[in-house]
Amino acid sequence: MNKKQKRSARCLCIQLLYSLELSNSYSNQETIDYFFKTKDEDVDKIVYSKNETDYAKKLLDYTEDHIQKIDALIQKKLVNWDMHRLALIDKIILRMCIAEMLYVEDVPPKVSMAEGIEIAKEFSTNDSSSFINGILDAIYNDNANKLEEIK
């Protein structure tokens, strides 16, 4: 998969995680099925390759499967702040990037971090990319030598 496809898959994963967070009553597969279901065939829609959807689902599963561990890492870096006060999209971007850093072996952690920063520029506020950069960088620096232990 090339860089553009991986970015597309990450953005798709962010949208799926956001949908899951808001629906809170559907399984991952039901959300994925609903997400790709269209009621009107004339509606313009983004067409994803199988590689993109497979990678998005992989990131979704890693994020959901390890959410407590990931949230604990984020919470440690929030000074005088609680997880529930974070913007939902920022929390989701952080979760997905940390999941990719920890559980996708063929992607260097620095790439996951850079992608999270760029995705934040697209999906969130002007200040979010700096905030996300700070949290991801702090988690990476604290755990660079022991990423395997966290897994």
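The values are calculated or read from the model by the stated rules, or taken from the named source; none is laboratory data. These numbers come from a predicted model, not from an experiment. Please note: Cβ atoms are built from the backbone with ideal geometry, for glycine as well, and neighbour counts cover all protein chains shown. The protein model used for the area step is the full one, side chains on, heavy atoms only, and it has no ligands, DNA or RNA in it. Shrake-Rupley method; radii C 1.70, N 1.55, O 1.52, S 1.80 Å.
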query: Any idea how many residues of the range 48-70 are more than 12 Å from the chain's Cα centre (by Cα) and of a type in the set (D, E, K, R)?
result: 5
task: Name every residue in the range 90-116 that is among the aliphatic types (A, V, I, L, M), open to solvent by less than 30 Å² (accessible area, probe 1.4 Å) and not in a loop (DSSP other than H, G, I, E, B), in order of residue number.
output: ILE92, ILE93, LEU94, MET96, ILE98, ALA99, MET101, LEU102, MET113
task: Could you please find all residues in the range 11-42 being modelled with pLDDT of 80 or more and aliphatic (A, V, I, L, M)?
output: LEU12, ILE14, LEU16, LEU17, LEU20, LEU22
statement: How many residues of the range 64-78 are under 13 Å from ALA138 (Cα atoms) and either in a helix (DSSP H, G or I) or charged (D, E, K, R) (or both)? The answer is 5
- prompt: Which ones in the range 119-133 are in contact (Cβ under 8 Å) with a residue 40 or more places away in the chain and surrounded by fewer than 14 Cβ atoms within 10 Å (Cβ to Cβ)?
  reply: GLU122
- request: Taking the residues in the range 77-100 that are touching a residue at least 40 places away in the same chain (Cβ under 8 Å) and basic (Lys, Arg) as candidates, determine which candidate is nearest to ILE14 (Cα to Cα).
  value: ARG95
